[in-house]
Amino acid sequence: MKRIIATQTAPAAVGPYSQAVVAGNLMFCSGQIALDPATGSMVGASPAEQTEQVLKNVSALLAAEGLSLTDVVKATVFATDMGAFAAVNEVYARFFTSEPPARSFVEVSALPKNALVEIEVIAYKR
């Protein structure tokens, strides 16, 4: 059985998808970009600034289900420039301070709303 998660504390979906879905003990969070949940406007002009907002959005989605970043078991980072790897990692490390999840980092040609960074996660509900 699956359950759809929707919260106003994270940006609304910009297409025909759910913010997150819970299936069994797993929570699958759709990719988050650096949108302000209140205004829908892009936050930050650099990969580091956008990563900060993206991880705040991811945290808000997880919190809607009583979870936190410590429950994340897999993350996928999409960036429009592999040159942003170090800047994204610096911010990412501040959010995932111990036992970070498995992760992929992928360069893509473009992201929704011209975002520079998008992150999707899978969390395990104990």
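Annotations for the structure displayed:
- In nm, spacing of pseudo-spin labels at Val21 and Lys125 (7 Å Cα→C-beta vector): 1.5
- At 0.692 mPa s and 37 °C, Stokes diffusion of the chain via Kirkwood alpha-carbon radius, µm² per second: 228
- Helical contribution to [θ] at 222 nm, DSSP H n ≥ 4, -39,500 (n - 2.57), averaged over the chain, rounded to 500: -7000 deg cm²/dmol
- Against the main long axis of the alpha-carbon atoms of the chain, helix 47-63 sits at an angle near 0°.
Every number in this text was worked out from the coordinates using simple rules, so none of it is lab data. Because the structure is a prediction, the values reported are computed rather than measured. So basically every Cβ, Gly included, is an ideal-geometry build from the backbone, and we count neighbours across all protein chains shown.
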